Every structure is written in C-alpha cells, then in structure tokens.
Amino acid sequence: MSETLLPADEPAVAAAIAAAAAAGEPLAIEGRGTKRALLRPVQAARTLSLRKLSGITLYRPQELILSAWAGTPLPEIEAALAERGQQVVAEPPDLTALFGATEAATIGGLVATNLSGPRRITAGAMRDHVMGIRAMNGLGEVFRSGGRVLKNVTGLDLCKLLAGSHGTLGVITEVTLKVLPAAPATGTVAVRVADLTAAVRVLSAGLGSPYGVSGAAVLPGEHPLAVLRLEEFPESIAYRAGRLRDALAGMGEVSVIEDAESRALWRRVRDAEPLEAAPEEAIWRVSVQPTAGPGVVAALGFGKSLLDWGGGLVWLAGPATAETHAAVMAAAAAAGGSFTLFRGPEALRAAVAVLPEEPAALAAIGRRVKAVMDPRGVLNPGRMRAAG
Amino acid sequence: MISLPEPKPAVMARRAEIVAGLQALVPGDGVISEAVRLKPYETDGLSAYRQPPLAVVLPTTTEQVAAVLAYCHANGVRVVPRGAGTSLSGGALPLADAVVLGLMRMNHILEVDYANRLAVVEAGVTNLGITNHVAADGFFYAPDPSSQLACMIGGNVNMNSGGAHCLKYGVTANNLLGLKLVTIEGEIFEVGGRYLDAAGYDWLGLLTGSEGQLAVITEVTVRILHSPEGQRAMLAAFTSNEIAGEAVDAIIASGIIPVALEFMDRPAIHACEAFAHAGYPLDAEAMLIIEVEGSTAEQDMLLGRLKEICERFAPISLKVAETAEQSLAIWKGRKGAFGAVGRISPDYLCMDGTIPTGQLPFVLKRIGEMSASYGLQVANIFHAGDGNLHPLIMFDANDPKSFHDAEQFGADILTLCVEVGGCLTGEHGVGVEKRDLMPVQFTPFELDQMRAVKAAFDPDWLLNPAKVFPLEGNAAFQTAA
Ligand SMILES: Cc1cc2nc3c(=O)[nH]c(=O)nc-3n(C[C@H](O)[C@H](O)[C@H](O)COP(=O)(O)OP(=O)(O)OC[C@H]3O[C@@H](n4cnc5c(N)ncnc54)[C@H](O)[C@@H]3O)c2cc1C
C-alpha cells in the first residue's frame, strides 16, 4: 500500500505539497478516493487525501451561497441544503456503485472532475455553480479565485481552470457554490418510441418547447422510452405535463410519471443505472450534439447505452479492450464530439488516451499553464494524459 | 487618472511601414490610419479616457485575423481587440502604439440548428442580432445586457456579460458551447464545440471573461432557448432600503426565483420617473421590479404569491401588471435608467460591484454618507437577486476636480464592496478602470498567478496589455510602472 497523507487543515495541506515539490516527489490528490478508477492511473508513490478537511464553512440560504472544505462529503451538503429546501444545482451523480466505492464523494472531487447530472442541460454544469475557490498550486502556495457572491468577473476565472482539471493544476481546499431552491414537485412525460433516433426527436421537441424541461433522457430497451422531466410548483407540473403530452402525442405512446416515481427514475438516470454495466465492462461518456447521440450508439453496435442531456451525453458500456476504446474514440470524433474513458481496468487506462487529443497549439498552451501552476510536476502526474 | 505604458518608440517610428504591412494582409478599406477616421476608435463606453491608436484593422475572416496577429507578434506590435466598443471599464481603450483589431465586419450568423438548440455566429454579430434572427421561430439568446442593441457577442464572451434576466438564465458563460479563436502567434483552433462539457481543461470557461487578454475570438457557438409562453412584471415600493432588502430575502426564501428582481433606490426612482413617467412612487425609499414567466395562469399564481410576500413588508405601493402593456410600463423607467441619469447630470460613471445581498442596506447607507462628503449625487440600481450593484455617480467632466472626486468616490465604493465580502466587478470587467484596484481584492501572489496564466497564452504581453493587471509589479512593463 502506498502512503497516504491526511492533513487536517489548510496549512498542513500546503506544507505537504511544498515538501513534495521540494523533494520532487509527486502526489496523487484525492478526496475520499471514490473516483480513483476514473481517467489514467496517477504516477505517484504517495497520496494526499483531503478527507480530513471537512465541514460546511458558510451557508446563507437567502444569498444562495454555501461554502465547504473540499473534503466535505456531498451527502452532508445535500442534507444541510434540504433543510432549507435548497439543492446542489448541477445534480452531481452518485457513482459509488459504478466505481465500487464504499464511501460518498467529496465536494472537492466533484468540482475537480466537473461532474454534472441530468439537470446540466438547463441549469448548468458543476463548474457553472462554483462561485469561488481556495486552492493551492503545486508549490503549496494558497490562492483564491472568485469569491462568495453570485456574479463576479474580477480577473481571470481560475475556478473554471481548476474545475475539470482533475487535480493536475491545483489542489482545491475550499469551494463556494451557488445553490438554488429545489422545486417542490416533479413529473415526467414519457414517450415510447421505435428507436433511438425517434427518441431524440421527442427530446428535441420537448427541449425546444416553452415548458422548461429540466431532464431529457432515453431509457434503453427494444422500444426505447424518451423521458422529459419537469420541476416546478405542483400547479405548473399538471399544466406543463398536459401541454407536453398534447405536443408529443403524435410521436409515440405518451404517459405521465408522477412525483415519487419520477424522482426515483431521475436518480437512476443520474447515476447511470439504466446502463446496466457489468463489473468487468469499461464505461465511456461521450459528449456530442444531441442529434448525433443515436449515431454514436449505432456506430459502435454494443447493446449497452444510455442517452442523457437530450441525446448529447452518451453513456456506453462494453468490453474493456483497446479495440473497443479505439472504436469509441473514432465514433466520438466522427460525431464531432468529446469522450472520456470513464471506468476501466488499470492496464487499459494506462495504455490509451482517456481524453481526446488537443490541437497542437492548444496543447502547447496547456503545457505552459501546467508549468505555471505546478512547476515541479507533483500534482497527479499522468492523470489526464501520459505526459502531465 | 490611470496611467498607460509608454508607447514603444521602435513601433511608433515604424508606423507607416506597419500600416502598409497590415494593408497587404487586409486589402481594400480594411486598414484605417488617417487621424480623422481613427477618432471613433479612440474611446469606448468609459469615455473619460481617450487615446487614438496607431491604426485600426478590420478583418473579415478568421484567416485575416490570424495573419494580422502573426504580423503583430513578429513585429512586437501591441493589439487591442474590439467589438462594438461599449465596454464601461475601458476594456477596448486603445494604446498609442497599438493596433485596434475590430471584429465588426465579421458579422454573419453562420448557422442556426433548432434540433440541437444552438447558433454559430461570427464575433461581430450583435447580441440582439442573434435573438432577432431566431425570434420568429420562438427562440432567443438568453443573456440580455442593456447594451444589447450594440454590443457584440465577441465582446460579451470577453466580458462574460450579464443582463436583467440572468438570475434565471445565467450570464454569458452559462450560454456558450464553443469558440473559434486565434492566438497572438496566429494559430487558429477551436475549444468546446456543439456539445456540452468538453473533456480536458475547461478552456471555454477560462476564455470567457478574459477581457481580450488571452486570444482573439472569431466565432462563437451559443445555446439558444425557446421563449417562455409569456412574462409579466410587478412593482413593489417600500419605506426603507432595509425593508426592501428583507422583502428580497423573503422572496428567495419562498423558493421562487423570479426571472428578474431589480432594486432601485430613491434617487434612481426619481431620476427614472422624471425621464420616463412610468408612474413610480416618488415617496418610496426603495422599489423592486419583479418579473415572472410562464402561461397566464402560472404568471397569476406566481405574482399572487409574490404579492402576498411583499404585503408582509407594508409596501407603500404594489402594482401587479395585468397586461403585457402594463408590464412594459413598469420596466420603462428602469430600462431608461442610464438615459435618465444622463439627463440630470452631464456625465456619470457607472460602477459595477457585487455584494452579498444581505449587506445591501449597510452598503447603501455608506454610499449615502460618501455622496454627502464628496458632494456628488449617486443613484443606485441593483440586481437584487444576485447582489450586483450599479451606483451611477454624477459629475461634470469639464471640471477636473469633479472628475477626480468621482473616480475616488467610485474606488471607495468598490473597496467597500470587497470589504463586505463582495468583488470589484460583477459584469463590466476590470479593464483599465478597476485595474489599479485589483490589489484591494487579490494578494500579490494571486495577481502573479493570474498574470502567469495570461503569459502562458501571450508571453510577450502584446494582447490588450495594460488592462486588468496593475502595471506595478509586472516585469513586462518595468519602464512604465
Ligand atoms: C448603455 C450600456 C449598458 C450596458 N449594460 C450592460 C449590462 O446590462 N450588462 C453587462 O454585462 N454589460 C453592460 N454594458 C457593458 C458592455 O456593453 C459589455 O461589456 C459588452 O459585452 C461589451 O461588448 P462590445 O462588443 O462593446 O465589446 P468592446 O467594448 O468592444 O470590448 C470589450 C472587451 O472585450 C475585448 N474583445 C472584444 N471583442 C473581442 C474578441 N472578438 N476577441 C477578444 N477580445 C475581444 C476588448 O478588448 C475589451 O477588452 C453596458 C454598456 C453600455 C454602454
């Protein structure tokens, strides 16, 4: 087992990173380590865990602002918000089952991986709700970006740079999120159709309507089910579901799923359960323009897929081989989209490009940014790409 | 007064040669060098500052932009990108030795795709131009800065502009999918695309709001949305700023997030009423304009609830629009706020801080005290839902002391915004205007970290230099600091 450092406060995190930088000894950075199997294996003998840096530091419901140490488990934040009828806007998935983890994810890890759920299409990604961060660079020097207000364009937005950088550009110690009221009610309009293309046509029609659809997915099956979620006051759910039902009636057999069942359904979509990935299978997330989603599934021809985000997010499960991975890469590229090898055996993840290549000029800028933020190359080396 | 770096003598001396070099790259009338024709480009929305550039170049294609940038890079010439020049922070202010790279001729809507709810547009398309183009089909582009008739999408991306409806729909950053851009070296590439959340570093997020510091944007893929069935506003006026602030808290606590929630203080109410005759209550200390969306029945339901909430705070006036016309009448005064203030005072500075919303009464009280001590009038307009405060400071530009005091007053307000937990700018950007205040909000190390990211894109500091980051402490401007 590799050694794990467990600093309990921010100065201790800084000291650990500074020492690692001085010694030139890389660190694997993690919250509770629930997503170790995401992207490439990190080339580091020691792990720096943020799990002890935990707790909500500020919550102002009327100001729609919540701050927490990076190691705070998501359920703790969700529980505090639920008491005041609020929620984490981006609906981050709970991937404990998918990754075989035994603990809940931390907020720092969710921001660093920029993971968002079904509500992404209307309410924005995880990174869109990061109003501020405290973080440190690869020398252990602390900096802040953003703040604790909802609208802020002061200086370069390093929050965005860190969100989705998978711990390779900085170690996030505290995050400040914009939160929003949770809708009091939900409902889902479901349309049974012949195939995925027809399903995405239903989703496009729903998303192109004035009814504020906040989730648009396709449940797989011989006759796929296109599902459109509404989150509103109860009076509005009844009205809007009725209007959607009328609008979509010609596209397939329409039904309405009520509140409790609808909530359960979207939790399953959020956590990619309908994908039904077997433990030994690899999982990919491909992001394309919505109408291209069915084509990606067809090009690959595996049985297992789940479409979310109106068809634009394609979850795929299949054989954990380099050949399958190459086919996913090719399908994503042909559809003009992006991909992530989301889960797979370590050997596969170490051997292939888990993210798309960037154009050469952009890759060069990326290397310069990495050199600026982490000059000694100690933060999560190898996590995103073989070099850096 | 804010200092600008000394022009590079070597560049100034080669002006004719540089103009000829640019003319070879952008033929026809795409290069402007005569003094009279440079005049329109010497300032932007921060009109107290003026500086004619070395030349203006108006390319029509991404390839021309790349050729111009490569040329400027090779010749050590500074470049100031420009959209419509409506920046209120001097973001598009030229430098004497800089080429202004104007994107206004790249004004084509390249594609609209309703099934995927996106539009691909050139950087010089106006904000309203996008909405106008798709409105007949029931769609719109959500961010709606008050300058939307003039300002361009490339400028919006670089300022991460907001609008009255961003409480519900988000700011520019939340409505983008992809960018085509050109680096200072003249390299062309795209970030993001026609899909959400490209894997890898979030370049799209970093570039949004980067104020022309990192690259020149030539094309933008924006998300478009279907318009709501309808919208309607109400007006509620109260006897103090504190009480209006409590009403805002109660609205948010009720779980209703209106599409817009605008606050005006007494001087703003008076200025707007005198100008627009919108029927605003002149005995009020503070007024809210609240807008909701949905079907008529949904609007009635939401407005009914909001009315009940406001009634708990003893409003002195409460008007719920019954029709679209009444709704427009309520908005009329607020939408004309800049013109209204412009009528009272020959000149004004529009400030743009953000504060935690709970600090509003305290901040307005302090601004009132400062106004008295500087002897300058101020009217406050506030996006109450998100804490973005716009004090309009009135002064006389013909009186140097008045201008100096107005700038100092503005700096004091922004410093106060930071002290109460807020920031220097919510949507107008740092530009030159707030550049020297950056140390109020950031540590020297934080500024250096951002400067280093800028330098990763633009190692020679040729792109829109002397903006955003204080010159002092910046090795790239040693001679000027
Ligand atoms: C009356 C009035 C009302 C306003 N209301 C609002 C409001 O409600 N909300 C709000 O947020 N702002 C508002 N503004 C400010 C301003 O309109 C916005 O900042 C707008 O986005 C600027 O767009 P522009 O095309 O005029 O850009 P410019 O002013 O030309 O440029 C803005 C900045 O972006 C850079 N830039 C421009 N285009 C590019 C490009 N293609 N590539 C790289 N860099 C580029 C420039 O160098 C400059 O730093 C208002 C301004 C006025 C005058």
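For the protein assembly as shown, with only Lys/Arg (+1) and Asp/Glu (-1) charged at the beta-carbon, what is the dipole magnitude about the Cα centre, in debye rounded to 20? Before the final figure, lay out each step's value.
Numbers: 70 positive and 92 negative charges, 215 e Å.
Roughly 1040 debye, rounded to the nearest 20.
Report, in debye and to the nearest 20, how large the dipole of region B:312-353 comes out about its Cα centre when Lys and Arg carry +1 and Asp and Glu carry -1 on their Cβ.
Details: 6 positive and 4 negative charges, 27 e Å.
Around 120 debye, computed over region B:312-353.
For region B:85-102 and region A:151-222, what is the separation of their C-alpha centers, rounded to whole Å?
The two parts, judged by their Cα centres, are 37 Å apart.
List the aspartates and glutamates whose Cα lies under 18 Å from the Cα of B:Lys401, skipping any in the same chain that are fewer than 8 positions away.
B:Asp347, B:Asp412, B:Glu433
Over all alpha-carbon pairs of region B:231-337, lay out the pair-distance distribution in 10 Å bins, whole %, shortest bin first.
16, 52, 29, 2
Return the ratio Rg/(2.2 N^0.38 Å) for region A:292-333, where Rg is computed over Cα atoms only. Please report the intermediate quantities before stating the final value.
Working: Rg = 9.7 Å, N = 42, 2.2 N^0.38 = 9.1 Å.
That ratio works out to 1.06.
Along the three principal axes, how long is region A:6-153 when you take its alpha carbons, biggest first, rounded to the nearest angstrom?
Taking the Cα atoms of region A:6-153, the three principal extents are 47, 34, 25 Å.
P(r) for the protein assembly as shown: what percent of alpha-carbon pairs falls in each 20 Å bin, starting at zero?
15, 49, 33, 3
If the reach is capped at under 30 angstrom between alpha carbons, list the lysines near A:Lys370, excluding any in the same chain fewer than eight residues apart.
A:Lys35, A:Lys52, A:Lys151, A:Lys160, A:Lys178, B:Lys180, B:Lys434, B:Lys454, B:Lys467
Given a Förster distance of 56 angstrom, what is the FRET efficiency for B:Asp29 paired with A:Ala371, based on the Cβ-Cβ distance and rounded to 0.05? Show your work: numbers first, answer last.
Numbers: r = 43 Å, r/R0 = 0.77.
E(calc), rounded to 0.05, equals 0.85.
Using +1 at the Cβ of each Lys and Arg and -1 at the Cβ of each Asp and Glu in the protein assembly as shown, identify which of A:Ile56, A:Thr72, A:Leu300 lies farthest towards the dipole's positive end.
Value computed over the given set: A:Leu300.
Pop out the ³J(HN,Hα) list for region A:39-44 in order, Karplus 6.51 cos²θ - 1.76 cosθ + 1.60 with θ = phi - 60°, rounded to Hz; leave Gly and Pro as x.
6, 8, x, 7, 8, 8
By how many nm would the segment from B:His404 to B:Asn132 grow when fully extended, if each residue of separation counts as 0.36 nm and the alpha-carbon distance is taken off? Numbers along the way, then the final one.
Numbers: separation 272, 0.36 × 272 = 97.92 nm, distance 4.09 nm.
Here the segment from B:His404 to B:Asn132 would lengthen by 93.8 nm.
Just to confirm the number: angle between the C-alpha axis of helix B:241-253 and the first principal axis of chain B, 0 to 90 degrees, nearest 10?
90 degrees
Just name one of B:Val56, B:Ala372, A:Gly132: the one whose Cα is farthest towards the positive end of the charge dipole of the protein assembly as shown (beta-carbon charges, Lys/Arg +1, Asp/Glu -1).
The listed residue farthest towards the positive side: B:Val56.
Given the peptides B:4-13, A:324-333, arrange them by the average over their residues of other C-beta atoms within 10 Å, most packed first.
Values: B:4-13: 15.2, A:324-333: 19.5.
Packing order, densest peptide first, comes out as A:324-333, B:4-13.
Rounded to the nearest 10 degrees, what's the angle between the helix B:444-457 long axis and the longest principal axis of chain B, both from Cα atoms, 0 to 90?
Result, in degrees: 60.
Say each of A:Thr57 and A:Arg268 gets a label point 7 Å from the Cα, pointing the same way as Cα to Cβ; how far apart are those two points in nm?
4.0 nm
Please get the size of the charge dipole for chain A, origin at its Cα centre, with Cβ charges of +1 on Lys and Arg and -1 on Asp and Glu, quoted in debye to the nearest 20. Intermediate results must be reported in sequence, preceding the final value.
Values: 38 positive and 37 negative charges, 182 e Å.
For chain A, the charge dipole is close to 880 debye.
Given Cα pairs under 8 Å that are at least 6 residues apart, what percent is the relative contact order of chain A? Could you put the intermediate results ahead of the total?
Values: 895 pairs, mean separation 73.3, N = 388.
Relative contact order for chain A comes out at 19 percent.
Label 7 Å along Cα→Cβ of A:Ala351; region A:265-301 residues with amide nitrogen under 18 Å?
Once the point is set 7 Å along Cα→Cβ of A:Ala351, A:280-284 turn out to lie under 18 Å by backbone N, inside region A:265-301.
Fully extended, how many nm does the chain gain between B:Glu419 and B:Ala452 (0.36 nm per residue separation, minus their Cα-Cα distance)? Don't skip to the end; give the middle numbers.
Working: separation 33, 0.36 × 33 = 11.88 nm, distance 2.63 nm.
Full-extension gain reported as 9.2 nm.
For B:Asp460 and A:Phe302, what does the FRET efficiency come to when R0 = 56 Å and r is the distance between their Cβ atoms, rounded to the nearest 0.05? Don't skip to the end; give the middle numbers.
Numbers: r = 50 Å, r/R0 = 0.89.
With a Förster radius of 56 Å, E is 0.65.
What translational diffusion coefficient, in µm²/s and rounded to a whole number, does the Stokes-Einstein relation yield for region A:277-351 at 4 °C and a viscosity of 1.567 mPa s, taking the hydrodynamic radius as the Kirkwood radius over Cα pairs?
It diffuses with D of about 108 µm²/s by this estimate.
Hey, rough spin-label estimate for A:Asp246 and B:Ala274, points 7 angstrom out along Cα→Cβ, what's it come to in nanometres?
5.0 nm
Set Lys and Arg Cβ to +1 and Asp and Glu Cβ to -1, take the dipole of region A:235-352 about its Cα centre, and tell me which of A:Ala332, A:Gly318, A:Ala272 lies farthest positive.
A:Ala332
Expressed in whole Å with the largest first, what are the equivalent ellipsoid semi-axes of region A:185-270 derived from the C-alpha gyration tensor as the square root of 5 times each eigenvalue?
Working: eigenvalues 69, 42, 21 Å².
In descending order, the three semi-axes are 19, 15, 10 Å.
Stick to the Cα atoms of region B:428-481, pair each with every other, and give me the Kirkwood hydrodynamic radius in Å at one decimal.
Values: mean 1/r = 0.0883 Å⁻¹.
The Cα-based Kirkwood calculation yields 11.3 Å.
By how many nm would the segment from B:Arg15 to B:Ala48 lengthen if fully extended, with 0.36 nm per residue of separation less the alpha-carbon distance?
Numbers: separation 33, 0.36 × 33 = 11.88 nm, distance 2.61 nm.
My answer for the length gained is 9.3 nm.
At q = 0.10, 0.13, 0.17, 0.19 Å⁻¹, work out log10 I(q)/I(0) for region A:235-378 with the Debye formula, treating every Cα as an identical point scatterer and leaving solvent out; two decimals please.
So the normalised log intensities work out to -0.49, -0.74, -1.02, -1.14.
Quick one: pull the percentage of alpha-carbon pairs in region B:361-472 with a separation above 18 Å.
Details: 3516 of 6216 pairs.
Here the long-distance tail beyond 18 Å is 57 percent of all Cα pairs in region B:361-472.
Expressed in whole Å with the largest first, what are the equivalent ellipsoid semi-axes of chain B derived from the C-alpha gyration tensor as the square root of 5 times each eigenvalue?
On the way: eigenvalues 301, 145, 75 Å².
For chain B, the ellipsoid semi-axes come out as 39, 27, 19 Å.
Can you grab the distance from the C-alpha centre of region A:1-39 to the C-alpha centre of region B:390-460, Å, no decimals?
36 Å
Viscosity 1.002 mPa s, temperature 20 °C: give me the Stokes-Einstein translational D for chain A in µm²/s, with Rh taken as the Kirkwood radius over C-alpha pairs. Intermediate results must be reported in sequence, preceding the final value.
Numbers: Rh = 21.6 Å.
Roughly 99 µm²/s, to the nearest whole number.
Determine the calculated [θ] at 222 nm for chain B from helices alone, applying -39500 (n - 2.57) to every DSSP H run no shorter than 4 residues and normalising by the residue count; nearest 500 deg cm²/dmol. If you can, show how the numbers build up before the last one.
Details: 17 runs with 171 residues, N = 481.
Taken over chain B, the calculation gives -10500 deg cm²/dmol.
Distance between Cα centroids, region B:187-265 to region A:308-339: provide it in whole Å.
If we compute the Cα centre of each part, the gap is 31 Å.
Each value in this text was obtained by applying a stated rule to the coordinates, not by laboratory testing. Quantities reported herein were computed from a predicted structural model and do not represent experimental measurements. Neighbour counts are summed over all protein chains in view; Cβ atoms, including those assigned to glycine, are modelled from backbone coordinates with ideal geometry.
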